[in-house]
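The next block holds one structure in the form of structure tokens; read it before the comments.
Just so you know, all these numbers are worked out from the coordinates, no wet-lab data involved. Quick caveat, the model's predicted, so the values are computed rather than measured. Neighbour counts run over all protein chains shown; Cβ positions are idealised from the backbone, glycine included.
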Amino acid sequence: MNDDEREALQWLTVEELAARRRRLVRDYDREIRGGHPEAQRIASIEADAEAIAAVQKQRREL
């Protein structure tokens, strides 16, 4: 996810954010369970999930 996509997360609905996070969890699970997990891909998935979590946390605090 690039910087523009991270900024755009704030405009997504709660449902859209949840769907993206579920997709990342599936991707993470597939990568970890795969025969040759790539550390770069795992780190990318984790960073994207953290960005979504930050937006969700910010909304809860409002």
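Scanning the range 13-34 for residues that are over 13 Å from the mean Cα position of the chain (by Cα) and surrounded by 15 or more Cβ atoms within 10 Å (Cβ to Cβ) returns a single hit, GLU31.
Taking first residues from the range 5-16 that are touching a residue at least 24 places away in the same chain (Cβ under 8 Å) and partners that are surrounded by 10 or more Cβ atoms within 10 Å (Cβ to Cβ), the Cβ contacts under 6 Å between residues at least 6 apart in sequence or on separate chains come to ARG6/ALA51; LEU9/VAL55; GLN10/VAL55.
Report whether or not ARG59 is in contact with a helix residue (DSSP H, G or I) (Cβ under 8 Å, 6 or more places away or on another chain) and either surrounded by fewer than 12 Cβ atoms within 10 Å (Cβ to Cβ) or of a type outside the set (Ser, Thr, Tyr) (or both). Considered against the rule, which asks whether it is in contact with a helix residue (DSSP H, G or I) (Cβ under 8 Å, 6 or more places away or on another chain) and either surrounded by fewer than 12 Cβ atoms within 10 Å (Cβ to Cβ) or of a type outside the set (Ser, Thr, Tyr) (or both), ARG59 comes out as yes. Screening MET1 with (1) of a type outside the set (Asp, Glu); (2) surrounded by 14 or more Cβ atoms within 10 Å (Cβ to Cβ); (3) without any contact (Cβ under 8 Å) to a residue 40 or more places away in the chain gives one miss only, at (3).
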